[in-house]
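Trainee: I have a structure I would like to understand better, so I am pasting it below and will then ask my questions one at a time.
The values are calculated or read from the model by the stated rules, or taken from the named source; none is laboratory data. Values in this document were obtained by computation on a predicted structure and should not be read as measured data. Positions of Cβ are generated from backbone atoms using ideal geometry, with glycine treated the same way; all protein chains shown enter the neighbour counts. In case anyone asks, the SASA skips ligands and DNA or RNA and just uses the protein heavy atoms, side chains included. Shrake-Rupley method; radii C 1.70, N 1.55, O 1.52, S 1.80 Å.
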Number of protein chains: 4
Amino acid sequence: MDASRFEPQDPDFAERVRASFAKQGAMQTLGATLAELEPGRAAIELAWQQGLTQQHGFLHAGMVAAALDSACGYAASTLMPADAGVLTIEYKINLLAPAQGQRFRMHGLVLKPGRTITVAEGRAFAIDNGREKLIASMTATLMTITGRENIRH
Amino acid sequence: MDASRFEPQDPDFAERVRASFAKQGAMQTLGATLAELEPGRAAIELAWQQGLTQQHGFLHAGMVAAALDSACGYAASTLMPADAGVLTIEYKINLLAPAQGQRFRMHGLVLKPGRTITVAEGRAFAIDNGREKLIASMTATLMTITGRENIRH
Amino acid sequence: MDASRFEPQDPDFAERVRASFAKQGAMQTLGATLAELEPGRAAIELAWQQGLTQQHGFLHAGMVAAALDSACGYAASTLMPADAGVLTIEYKINLLAPAQGQRFRMHGLVLKPGRTITVAEGRAFAIDNGREKLIASMTATLMTITGRENIRH
Amino acid sequence: MDASRFEPQDPDFAERVRASFAKQGAMQTLGATLAELEPGRAAIELAWQQGLTQQHGFLHAGMVAAALDSACGYAASTLMPADAGVLTIEYKINLLAPAQGQRFRMHGLVLKPGRTITVAEGRAFAIDNGREKLIASMTATLMTITGRENIRH
């Protein structure tokens, strides 16, 4: 997975994406931070919390997906025009191992950018006592939206 | 979608599923309740909260997915043996409309039960000023797990 | 699944869709016929052939998917403008049972039409000695394309 | 994507997989050959044919998917026990560009092997006048089947 070929249209993409991230109540509930942001690439980190667990005390698959979906969405957003918004049309997630750990890192990477449709891939890792493990993979389809004020950013 | 043909193996499925639901920190964070539980069918309800939003104030897609995935998982769980656990292997969600509303209802329904693999479908609805709108659809693949204590229920 | 609410924009949708179907070499290879065509709904039928099998002599999953994807695409196409083309962006298929039978019927139904994005659902059935069995389900995301001559229809 | 870490359980995996491939009528219809076979990895090649086309003369998405699904399935099969069969439970495909070209190459790579469930990823490329282009990506979930004679291999 190599994003080095991507050229952003909006030189201020990082500022724009960080402002959008700060407005998401869900990211605050997850305790998530935007750990990495490059053209075509984003990473989100978060720590284990009781309020994010399923019945065995692992991170809930839905919370893994929420962070991974956001990583994919922000990866796509870095390549969009300054006045555009991004909508997730759909995604698919495979849960590869229990989300057992103290910290979690979700990577999003653009596989194919497009004027209307962008496809991104995600990988989620659990860090359990210092050991990193792949716990989920995602493919997300995102749409660039322009000219709709309520969807901007 | 008609689940009337499903016969539970475990007559106490409802008690078992409700106990599992109560142990999920993520469901408490979502403010979710188990509104319906029949053989092969489950519904989860929740109310809008700032802590569940994306950048436009709508429900975050990840939170819609978390509740919908749980509805699918519990629908599958109703048909499993008493000593079995259920694991989500993967799911796909299509986000059909913005999750704009005051309340949300997520339905899970078993499409094909199986000894090892169960496939369930989900539908998420937003209730916005009394009007119900389909906002997402899901297909989830679940696995019955037996003999692993830490995955039971 | 009820498609009765769909109103076609193009009164000649059936003629347009049938002309497109006739141009698909893949549909001839499958021996497929367009068995049903209503606004928001299409069904494709085909018979078992040795050239469509996997290693156990059942219909190959990829051939089930090819016919089911086409049923979803044509269901979407019925609701599009006369000068538009339809592109499959992505689909997901769950294979629910071996594709064992003498004949097969694939249904596509629009779940959510849209100006740009349409979501359709598919169901594939095997007819084995007169008994019909659900063998696969699909969710497909399709895009309306206008103004590109080589993608029209 | 690096499969170098995979150790096959069956030293004769290549012979076993090739024998299965030879029995698939669908692969003959596609004119497909098994171009590469390593532990956790497989590639399938095929040439354009009129009988594999959609309405614009490009390769039909369903035919791309059939070959890509097989590449994923054979990649998984290389890591399975000698007496096991492999079933595709589900897959998702994103169609990234029109399948325009003279030859096509589909790669399957195991992302996460498992005793029961294996997840593989696929990439399809079109070779158009010597230029290779990514046209599709897939994620497939496969199940190891043992003890069922009619599903072996």
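Trainee: Pull up all non-local amide H partners of B:Ile135: gap of 5 or more, or a different chain, and H-to-H distance under 5 Å with H placed in the peptide plane.
Mentor: Those lying under 5 Å, H to H, from B:Ile135 are B:Ala124, B:Phe125, B:Ala126.
Trainee: Heads up, I need the accessible area for D:Val119: 1.4 angstrom probe, whole protein in place, Å², nearest 10.
Mentor: For D:Val119, solvent-accessible area is about 10 Å².
Trainee: Also, I was wondering about something else. Which cross-chain or sequence-distant (5 or more) residues have an amide H under 5 Å from the amide H of B:His60, H modelled 1.01 Å from N in plane?
Mentor: B:Thr53, B:Gln54
Trainee: Mind checking region A:62-153 for trypsin sites (Lys or Arg not before Pro) that DSSP puts in a loop (not H, G, I, E or B) and that have at most 10 other Cβ atoms within 10 Å?
Mentor: A:Arg115, A:Arg148
Trainee: What does the copy distance list look like for A:Arg5, label position 7 Å along Cα→Cβ, in nm and ordered from shortest?
Mentor: Spelled out, the distances from A:Arg5's label point are 2.6, 4.3, 4.8 nm.
Trainee: In percent, what relative contact order does region B:3-145 have, based on Cα pairs under 8 Å that are 6 or more apart in sequence?
Mentor: Details: 341 pairs, mean separation 35.4, N = 143.
Averaging sequence separation for qualifying contacts and normalising by length gives 25 percent for region B:3-145.
Trainee: With a 1.4 Å probe and every protein chain left in place, tell me how much accessible area C:Ser77 has, in Å² to the nearest 10.
Mentor: Roughly 10 Å² of C:Ser77 is accessible to a 1.4 Å probe.
Trainee: With labels modelled as points extended 7 Å from the Cα through the Cβ direction, what inter-label distance (nm, one decimal) is found for D:Ala82 paired with B:Ala22?
Mentor: Computed distance between label sites D:Ala82 and B:Ala22 equals 5.3 nm.
Trainee: Got the B:Gly57 label distances to the other copies yet, label 7 Å along Cα→Cβ, in nm, shortest first?
Mentor: Sorted ascending, the copy-to-copy spacings read 4.1, 5.3, 6.5 nm.
Trainee: Which pairs in the list B:Lys112/D:Lys92; A:Lys133/B:Lys92; D:Lys92/D:Lys112; A:Lys92/D:Lys112; A:Lys92/D:Lys23 are over 26 Å apart, alpha-carbon to alpha-carbon?
Mentor: On the way: B:Lys112/D:Lys92 18 Å; A:Lys133/B:Lys92 22 Å; D:Lys92/D:Lys112 16 Å; A:Lys92/D:Lys112 16 Å; A:Lys92/D:Lys23 32 Å.
Pairs exceeding the cut-off: A:Lys92/D:Lys23.
Trainee: Which distance in Å, rounded to a whole number, links the C-alpha centroids of region B:24-58 and region C:1-79?
Mentor: 37
Trainee: Ok, one more. Against the longest alpha carbon principal axis of chain A, how many degrees, from 0 to 90 and to the nearest 10, is the axis of helix A:13-22 turned?
Mentor: 50
Trainee: May I pose another question? Provide a whole-number value for the mean count of partner chain Cβ atoms within 10 Å of the Cβ atoms in peptide C:58-70.
Mentor: Taking all residues of C:58-70 together, the mean is 6.
Trainee: Karplus couplings for region B:107-112 from phi (6.51 cos²θ - 1.76 cosθ + 1.60, θ = phi - 60°), rounded to Hz, Gly and Pro as x?
Mentor: My calculation for region B:107-112 gives 9, x, 9, 6, 8, 8 Hz in order.
Trainee: Averaged across D:136-142, how many Cβ atoms of other chains sit within 10 Å of each residue's Cβ atom?
Mentor: Numbers: counts 3, 6, 2, 10, 4, 8, 0.
If you average over the peptide's residues, the count of other-chain Cβ atoms is 5.
Trainee: What total accessible surface area, summed over both chains, is buried at the interface between chains B and A, computed with a 1.4 Å probe and given in Å² to the nearest 100?
Mentor: 2800
Trainee: If each label sits 7 angstrom from Cα along the C-beta direction, how far apart, in nm, is A:Thr146 from its counterparts in the other copies?
Mentor: 1.7, 5.7, 5.8
Trainee: Over the protein assembly as shown, with every protein chain in place, what whole percent of the accessible area is carbon and sulfur at 1.4 Å, could you tell me?
Mentor: 48
Trainee: Still on this structure: Under a 5 Å amide H to amide H cut-off, with H placed in plane at 1.01 Å, what residues pair with C:Val86 once short-range neighbours are removed?
Mentor: C:Ile145, C:His153
Trainee: Here is a further query. What does the protein assembly as shown give for Rg and for Dmax, in Å, if only its C-alpha atoms count?
Mentor: Gyration radius and largest Cα-Cα distance of the protein assembly as shown: 22.8, 64 Å.
Trainee: For the rotation that superimposes chain B on chain A, which residue of B has the C-beta lying nearest to the axis, and at what distance in Å?
Mentor: B:Lys92, 2
Trainee: If you don't mind, another one. Please list 3J(HN,Hα) in residue order for region B:113-130, calculated via the Karplus relation 6.51 cos²θ - 1.76 cosθ + 1.60 where θ = phi - 60°; whole Hz, with x for glycine and proline.
Mentor: Computed from phi, the couplings for region B:113-130 are x, x, 5, 9, 10, 10, 10, 10, 10, x, 9, 10, 10, 9, 10, 10, 6, x Hz.
Trainee: Give the accessible area for C:Leu79 in Å² (nearest 10); use a 1.4 Å probe, count only protein heavy atoms, and leave out ligands, DNA and RNA.
Mentor: 20
Trainee: At a Förster distance of 45 Å, what's the computed FRET efficiency of C:Asn129 paired with A:Glu132, Cβ-Cβ distance as r, to 0.05?
Mentor: Numbers: r = 53 Å, r/R0 = 1.18.
Between C:Asn129 and A:Glu132 the formula returns 0.25.
Trainee: Okay, moving on. If I take all pairs of Cα atoms in region D:3-145, what percentage of them are more than 28 Å from each other?
Mentor: Numbers: 1491 of 10153 pairs.
For region D:3-145, the share of Cα pairs beyond 28 Å comes to 15 percent.
Trainee: May I pose another question? Kindly write out, for region C:32-47 in residue order, the coupling ³J(HN,Hα) from the Karplus curve 6.51 cos²θ - 1.76 cosθ + 1.60 (θ = phi - 60°), rounded to whole Hz, with x marking Gly and Pro.
Mentor: Result, ordered by residue: 8, 10, 8, 7, 8, 8, 10, x, x, 8, 8, 9, 10, 10, 7, 9 Hz.
Trainee: What distance in nm lies between label points placed 7 Å from Cα along the C-beta direction at C:Arg5 and C:Ala97?
Mentor: Inter-label distance under the simple model: 3.0 nm.
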